[in-house]
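Bear in mind that the values in this text are calculations on the coordinates, not laboratory data. Computed from a prediction, not measured in an experiment: that's the story for all the values here. FYI the Cβ positions are ideal-geometry reconstructions off the backbone, even for glycines, and counts take in every protein chain you see.
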Amino acid sequence: MGVKVIIHGFDSYTEVVRNLVTSGNWEPCYWIAPMKSHAKMKEVFPNIVLHDTNEAIVGIVPKEFKKLELRPLDHSLLKDLAYHESMTLQMMDRMDPYKVFTYHERIELYYLQLRYWLTILEVLDPEIVLFQMIPHFPDAYVLYILSRWKGIKTILFRFTSFIYISIPMDNYEDELPAVALYKKLLAKGDISPVLLSAKTEQELERKRATCYEDVVPPRYLHITKHLIKKSDITERSFLKTCYEYLWDFYVILRSIKHPPRPHFVKRKGKKLQDFFWLRYKYELYKFKFKCKKLKLALYYEDKAEVPDLKCKFIYVPLHYQPEMTTCPQGGFYTNQELMIEVLSKSVPEDWMIYVKEHIIQFSRKLAGECSRSYGFYDKIVSLPNVKLVSFKSLSTFDLIDNAKAVAIISGTAGFEAILRGTPTITFGYAWYNGCEGVFYVPSYEECKKVINEIENGFVVDYEKVRLFIYALEKTGFNLSVLPKEEKYTGISYKENVRNLTRALQEICRDS
């Protein structure tokens, strides 16, 4: 008998799980994956319980457990998980673009998820719960926090700015293994130049380039270059808008003959479990919020200014939301207004805070409508030393290179900043926390202390940054857990499967 495992995701890498079963290590008993993958997965694992991803999100139970009596909740458990309750309710924002998902309904769903997954963990008694990435949907996050609460081993993969390097870990709050090796190397006192792989040297050269457009992270290429451009906001013509709207109406009309599709968004007057949409209604929904995001983008641009680079400032590149880089990785700083307010109150009187929106917040293909409002921008500009930065103005690199520091939750721009010699202040669990030039500040007092250090002339030592990257290469794994990213990694599917198998074997052996 192998180790009993519950798996969330990984439906594109059933071969990895089969390798672990064949070697006698694993016995998968429950798998949460998209319905379209179920038939193929049943062929490989005929005895496994399969749970559709969309059904799991809205709390629909698989047929095997329809008659299962769920465990009741008690004061002790809810008190222990109070922090995680806040995170889970925040994650439900992505289900509520219409703003009709009430607090009472969210709590009801949260309690249902708690009862169900607590019961499943007790009935199946797994030794490992595996996640493809940091859990950031309500069902996955509740399964994760309950597993850790019960002392069950969890495994998730942390991504880095190097798309070909990922790290399996027990939880997302711990520092990467690279940090321990980095500190050990620092303690030896010899910070001589290190030899990095040719692939990493090429990536560093790209990230330190002059033109920001040359450095767009591969996982965002299809979004930033094909779905939305700055000119769509700053130079939108009437004819272009008319053409787009005509095309949208054509898509809506054409979709009438298409079959319904599942979607977990809460609709007014509908139960969450009624999650199949007539296709034309889904296309109407996408069109409505495309228009909303366009208005929001224009409102942002109206509030934004061209920044003065001669003054002293901290640059804050906003995160796209909803996304795991803020929830759960940002903790309570998922509300980015809190981070900006802390910075505003921490900087010297003659410093400014320049805040720039993430361009993909307004992408039609994504759910940016769930996490922005006119009031969000109004609150930011109401702070006396804070300004929004216009898309018409400077690139991210211009802002990074002239800033005293970059402040961020956990995003890529923070790592790009230290590569370019600008210190970074992180408010969340960034993968590069612990690196030279990075200051993690979970409190207002620590933020003031760090800004004072930066004001007194702190300089990023690039050789130490390279040493951290060297440690990352030595401790990370050459793999991708997202199939859509494989073509950017330079890793073949077979090699990726081998590396994924080895990574999972090693973290299980080390536990």
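Brief remarks on what is shown
- Span-like helix ranges in the chain, DSSP H, alpha carbon extent 18 angstrom or more, Kyte mean at least -0.5: 103-124, 238-254, 462-475
- Cα gyration tensor, the stretch 297-370 - rounded (a/c under 1.5), prolate or oblate: oblate
- Net charge, C311 excluded, C-beta distance under 15 Å - Lys, Arg +1, Asp, Glu -1: -3
- Relative contact order of the stretch 227-460, taken over Cα pairs closer than 8 Å and 6 or more residues apart, is 20 percent.
- Most positive-pole-ward Cα, V465, L176, T102, against dipole of the chain from beta carbon charges: T102
- Relative packing of peptides 38-49, 489-500 - highest average C-beta neighbours within 10 Å first: 489-500, 38-49
- The stretch between I256 and L383 holds 41.0 nm of extra length on full extension. This uses 0.36 nm per residue minus the Cα-Cα distance.
- Over all other residues within a Cβ to Cβ distance under 12 Å of K36, the charged ones net out to 0, with Lys and Arg as +1 and Asp and Glu as -1.
- In a simple Cβ point-charge model (Lys, Arg +1; Asp, Glu -1; nothing else charged), the stretch 293-428 has a dipole of about 220 debye relative to its Cα centre.
- Only Lys, Arg, Asp and Glu carry charge here, each on its Cβ (+1 for the first two, -1 for the last two); on that basis the chain has a dipole of about 1840 debye about its Cα centre.
- Relative contact order [Cα under 8 Å, 6+ residues apart], the stretch 3-159, whole percent: 26 percent
- Cα lying deepest toward the dipole's positive end in the chain, options I454, V441, V481, charges on Cβ: V481
- Exceeding the 27 Å Cα-Cα cut-off - candidates K293/K356; K42/K474; K230/K266; K290/K356: K42/K474; K230/K266
- Size of charge dipole - the stretch 396-511 - debye, nearest 20, with Cβ of Lys, Arg +1 and Asp, Glu -1, no other charges: 440 debye
- Between A187 and L89, the contour length at 0.36 nm per residue exceeds the alpha carbon distance by 31.0 nm.
- Using a Förster distance of 51 Å, the FRET efficiency for E349-Y98 (Cβ separation, nearest 0.05): 0.75
- Ellipticity estimate at 222 nm from DSSP helix runs (n ≥ 4, -39,500 (n - 2.57)) divided over the chain, nearest 500: -13500 deg cm²/dmol
- Amide H contacts under 5 Å for V3, placed H, 5+ residues apart: W26, E27
- Listed peptides 411-422, 435-446 by packing density, highest first (mean Cβ within 10 Å): 411-422, 435-446
- Long-range amide H partners of W277 with built H, under 5 Å: R261, H263
- Across the chain, C-alpha contacts under 8 Å between residues 6 or more apart give a mean separation that, scaled by the residue count, equals a relative contact order of 18 percent.
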